[in-house]
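Please read the structure below before turning to the comments.
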Amino acid sequence: MRANLKDDPVDRPKHYTMTKFEVIDVLEEFFPEDPLLWQCGKYLMRCKHKGNPIQDLKKMIWYANRQIKSYEDKGVE
(Lines give C-alpha, C1' and ligand atoms only; values in the text may rest on other atoms or scores of the structure.)
Protein backbone atom coordinates (compact mmCIF):
# COMPACT_ATOMS: atom_id res chain seq x y z
CA MET A 1 0.00 0.00 0.00
CA ARG A 2 1.16 3.52 -0.64
CA ALA A 3 2.61 4.74 2.63
CA ASN A 4 1.37 8.31 2.29
CA LEU A 5 -2.33 7.37 2.02
CA LYS A 6 -4.40 6.95 5.14
CA ASP A 7 -6.98 4.15 4.99
CA ASP A 8 -10.45 5.67 4.74
CA PRO A 9 -13.24 3.12 4.22
CA VAL A 10 -15.27 5.63 2.17
CA ASP A 11 -12.74 7.73 0.25
CA ARG A 12 -9.69 5.45 0.02
CA PRO A 13 -10.42 1.87 1.13
CA LYS A 14 -7.23 -0.15 1.53
CA HIS A 15 -8.42 -2.82 -0.95
CA TYR A 16 -8.38 -0.11 -3.67
CA THR A 17 -5.10 1.58 -2.70
CA MET A 18 -2.82 -1.40 -2.10
CA THR A 19 -0.56 -0.78 -5.10
CA LYS A 20 1.08 2.24 -6.69
CA PHE A 21 -2.02 2.61 -8.90
CA GLU A 22 -5.32 3.44 -7.28
CA VAL A 23 -8.05 1.22 -8.74
CA ILE A 24 -10.38 4.09 -9.66
CA ASP A 25 -7.63 5.77 -11.69
CA VAL A 26 -7.06 2.58 -13.71
CA LEU A 27 -10.79 2.05 -14.25
CA GLU A 28 -11.34 5.63 -15.41
CA GLU A 29 -8.44 5.30 -17.85
CA PHE A 30 -9.42 1.95 -19.38
CA PHE A 31 -13.24 1.97 -19.17
CA PRO A 32 -14.40 5.62 -19.10
CA GLU A 33 -17.80 4.88 -20.64
CA ASP A 34 -18.29 1.17 -20.07
CA PRO A 35 -19.85 0.44 -16.68
CA LEU A 36 -19.97 -3.34 -17.07
CA LEU A 37 -16.27 -3.63 -17.87
CA TRP A 38 -15.61 -1.11 -15.07
CA GLN A 39 -17.23 -3.57 -12.66
CA CYS A 40 -15.23 -6.49 -14.07
CA GLY A 41 -12.01 -4.56 -13.52
CA LYS A 42 -13.02 -3.48 -10.03
CA TYR A 43 -13.79 -6.99 -8.83
CA LEU A 44 -10.71 -8.47 -10.50
CA MET A 45 -8.31 -5.89 -9.06
CA ARG A 46 -9.56 -6.24 -5.52
CA CYS A 47 -10.26 -9.99 -5.37
CA LYS A 48 -7.09 -10.89 -3.48
CA HIS A 49 -7.28 -7.94 -1.09
CA LYS A 50 -10.82 -7.72 0.30
CA GLY A 51 -11.12 -11.11 1.97
CA ASN A 52 -13.43 -13.12 -0.28
CA PRO A 53 -11.69 -13.77 -3.61
CA ILE A 54 -14.13 -16.40 -4.85
CA GLN A 55 -17.11 -14.10 -4.35
CA ASP A 56 -15.36 -11.21 -6.09
CA LEU A 57 -14.35 -13.42 -9.03
CA LYS A 58 -17.92 -14.72 -9.35
CA LYS A 59 -19.15 -11.12 -9.42
CA MET A 60 -16.58 -10.30 -12.09
CA ILE A 61 -17.80 -13.24 -14.18
CA TRP A 62 -21.42 -12.13 -13.72
CA TYR A 63 -20.60 -8.68 -15.09
CA ALA A 64 -18.47 -10.18 -17.89
CA ASN A 65 -21.35 -12.43 -18.96
CA ARG A 66 -23.68 -9.45 -18.98
CA GLN A 67 -21.20 -7.54 -21.18
CA ILE A 68 -20.88 -10.51 -23.52
CA LYS A 69 -24.68 -10.70 -23.85
CA SER A 70 -24.80 -6.98 -24.60
CA TYR A 71 -22.17 -7.37 -27.32
CA GLU A 72 -23.96 -10.38 -28.78
CA ASP A 73 -27.28 -8.49 -28.83
CA LYS A 74 -25.55 -5.70 -30.77
CA GLY A 75 -23.88 -8.12 -33.21
CA VAL A 76 -20.36 -7.43 -31.92
CA GLU A 77 -17.92 -10.30 -32.47
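The values are calculated or read from the model by the stated rules, or taken from the named source; none is laboratory data. Being a predicted model, the structure only gives us computed values, none of them experimental. All Cβ positions, even for glycine, are placed from backbone atoms using ideal geometry, and neighbour counts span all protein chains on display.
Can you name every residue in segment 36-57 that is exposed (fewer than 13 other Cβ atoms within 10 Å of the Cβ) and either on the phi < 0 side of the Ramachandran plot or among the acidic types (Asp, Glu) (or both)?
We begin by selecting, within segment 36-57, every residue exposed (fewer than 13 other Cβ atoms within 10 Å of the Cβ); these are 48, 51-52, 54-55.
Lys48, Asn52, Ile54, Gln55, listed by residue number.
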Only residues that are closer than 15 Å to Val23 by Cβ, in a helix (DSSP H, G or I) and of a type in the set (D, E, K, R): list them for segment 34-77, please. Lys42, Arg46, Asp56, Lys59
When Ile54 is run through (1) under 12 Å from the mean Cα position of the chain (by Cα); (2) at pLDDT 95 or above, the failure sits at (1)
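How many residues are aromatic (Phe, Trp, Tyr) and in contact with a Pro (Cβ under 9 Å, 6 or more places away or on another chain) when one looks only at segment 47-62?
In the first step, residues of segment 47-62 are kept if they are aromatic (Phe, Trp, Tyr); the result is 62.
Filter again for in contact with a Pro (Cβ under 9 Å, 6 or more places away or on another chain), leaving none.
Result for segment 47-62: 0.
Here is a yes/no grid of residues against (1) over 14 Å from the mean Cα position of the chain (by Cα); (2) modelled with pLDDT of 70 or more:
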{"position": "Met1", "(1), (2)": "yes, no"}
{"position": "Asn4", "(1), (2)": "yes, no"}
{"position": "Asp8", "(1), (2)": "yes, yes"}
{"position": "His15", "(1), (2)": "no, no"}
{"position": "Lys20", "(1), (2)": "yes, yes"}
{"position": "Glu28", "(1), (2)": "no, yes"}
{"position": "Leu37", "(1), (2)": "no, yes"}
{"position": "Arg46", "(1), (2)": "no, yes"}
{"position": "Lys50", "(1), (2)": "no, yes"}
